[in-house]
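Laboratory data are not the source of any read-out in this text; all were calculated from the coordinates shown. Worth saying up front: this structure is predicted, and the values here are computed from it rather than measured. Cβ placement follows ideal geometry from the backbone for every residue including glycine, while neighbour counts extend to all protein chains displayed.
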Amino acid sequence: MPWQRSRESGPRPRGVARPLTVGLSVFFSLAALAAGACASKAKGSDVFDVVPADASDETTYVPDAPCLVALDSPPLLPAIHVAIGTDIIWDSNPPSSGPHYPIWAAYQTYSSPVPRGYYVHDLEHGAIVFAYNCADGDADCAGVAAALQAASDALPDDPLCAEEGTGVRVRIVITPDPLLDVPVAAAAWGYTYKADCVDPPSLIAFAMEHYGNGPEVLCGNGTTSF
C-alpha cells in the first residue's frame, strides 16, 4: 500500500494503518539493539504506575511494550514561518506542529542536536522525527542511536521521493534532543510518541501510521547548516 498523502483541509488528517512488513532478520536485529540500548523495566515496576506530566485525554499506551510507551495527538498549532533563532513555545514535547523556521533539516541522521525550529518544518512536510536524550557519557547512547537508525532502515522506500527524484529514500530525521523529558521520542505532524526505552515494533508502527500526514507533502531535501 503506498504512503498516504494528505493535506490539512477540514478535519485533522489521520494516518492509515499499514501492514508492518519488516523481515524477521531485521526485526530480531532491532530487538537485539533495543535490548542493549536501554534497560527495559518489568511490567510490575513503578514506571507503569506513573502518568506522564503532559498526558492528555488523547494519550494512549502500548500494552505489550517492554517499558512505558505513550502515544498522543496534541492540538494542532498554526504552521507559520518565523525567523531563524526565534524562541518558540510549542504545546507538546517533542513538538508536533506549530511555528517553525523557513528552512527544514535534511533527511538524515545527526550526531548533534537539530534545533527544533528546523525539524518541526520537516514534520510539516510529512516527515517523522526520531529523537533521543542521553546524559553526557551515557554508555547506552550509541546503542539507542543505532536502534533508531535500524528502525529507520526498516521503513520502505518513499515512492513520492523516488518520483520527485530528490535522492531522498525516506523522510526521516534522527537527532539527539536534550530538551526531551524522556529517553526516546518520535514526532509526526499532530502526533507524538514518548518512551522510556527503544521498542522497535511500536516505534515502526507509529512511523508507518503517521508518515506523510503533514499539511505540505513534498520530498525536497533540507539543510545541514544550523
Checklist outcome for this item: With a ≥ b ≥ c from the Cα gyration tensor eigenvalues, square-rooted, and the rule rounded for a/c under 1.5, otherwise prolate when a/b > b/c and oblate otherwise, the range 52-202 is rounded
Next on the checklist: So if I place +1 on the C-beta of Lys and Arg and -1 on the C-beta of Asp and Glu, and nothing else carries charge, what would the dipole magnitude of the range 96-226 be about its Cα centre? I want it in debye, nearest 20.
Outcome noted: 180
Checklist entry - Can you give the convex hull volume per residue for the Cα atoms of the range 119-226, as a whole number of Å³? => result 104
Checklist entry - Under a plain spin-label model, where a point goes 7 Å from the Cα along Cα-to-Cβ, how far apart in nm are Asp181 and Thr86? => result 2.5
Checklist entry - Full extension from Glu163 to Phe226: what is 0.36 nm times the residue separation minus their Cα-Cα distance, to one decimal in nm? => result 19.9 nm
Checklist entry - So how do 103-115, 74-86 stack up, highest first, on mean other-Cβ count within 10 Å? => result 103-115, 74-86
Checklist entry - So how do Phe206, Phe226 line up by other beta-carbon neighbours within 10 Å, fewest first? => result Phe226, Phe206
